[in-house]
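Notes to accompany the following structure.
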Amino acid sequence: LMTTQATTESVQRLMEIGYLAAGTGMTKEALTIFEGIEAVRPESELPLVGRSFAQLSAGYPQEAVKSIMEKALAQNPNSAIAAAFAGLCLKQAGLNAEAEAVLKGVVDEGADPAAVSMAEALLSEPVAA
């Protein structure tokens, strides 16, 4: 009997598809994809980050903030990517001081180059009035 193992590559592809779905207004589908990834990678905060991004893309920044802070960062408090996305969610929710503090922390820590790039880009954007 052969068991199917979700490879790292297939999980990465599914994450990309989930982000594309979220970014194009397919929120329900994106959430389903991220829930599926969560089922095969329960130890990872990344599908939880994806779920908060889907909420953010759907126009629910407060829910996205709650989700990323209480779920993704609770799962892995040291995740630079989760922290960078938390900064994005906080910024979109109008919590600019909190966003700036989180994003500066990501940059200062410098642990993950992708997270640092994202944080620097978000910090350089003008603050919405």
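In table form, for the structure just shown:
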item	result
Nearest-ten-degree value, helix 27-40 long axis tilted from longest Cα axis of the chain	60
Magnitude of the charge dipole, the chain, Cβ model with Lys/Arg +1 and Asp/Glu -1, debye to 20	280
Relative packing of 18-30, 82-94, which averages over residues the other C-beta atoms within 10 Å, highest first	82-94, 18-30
Virtual spin-label span in nm between T8 and T24, 7 Å along Cα→Cβ	2.8
Carbon + sulfur, % of accessible area of the chain - ligands and nucleic acids excluded, 1.4 Å	57
Those lysines that a straight Cα-Cα span of less than 24 Å connects to K28, excepting residues fewer than 8 apart in one chain	K66, K71, K91
Projected label distance in nm at A74 and I17, using a 7 Å step from Cα toward the beta-carbon	2.9
Burial ranking of peptide ranges 47-57, 105-115 (average Cβ count within 10 Å, highest at the top)	47-57, 105-115
Phi-based couplings in Hz for segment 98-113 (Karplus 6.51, -1.76, 1.60; Gly and Pro marked x)	5, 4, 4, 4, 5, 5, 5, x, 4, 5, 4, 5, x, 6, 10, x
Calculated semi-axes √(5λ) of the Cα gyration tensor in Å (choose from (i) 26, 17, 12; (ii) 31, 15, 12; (iii) 32, 18, 14), label	(i)
Probe 1.4 Å, protein heavy atoms only - accessible area per residue of the chain in square angstrom	58
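The values are calculated or read from the model by the stated rules, or taken from the named source; none is laboratory data. Please read all numbers here as calculations on a predicted model, not as lab measurements. As a convention, Cβ positions derive from the backbone with ideal geometry for all residues, glycine included, and neighbour counts pool all protein chains shown. Note: areas computed on protein heavy atoms with side chains; ligands, DNA, RNA excluded. Shrake-Rupley method; radii C 1.70, N 1.55, O 1.52, S 1.80 Å.
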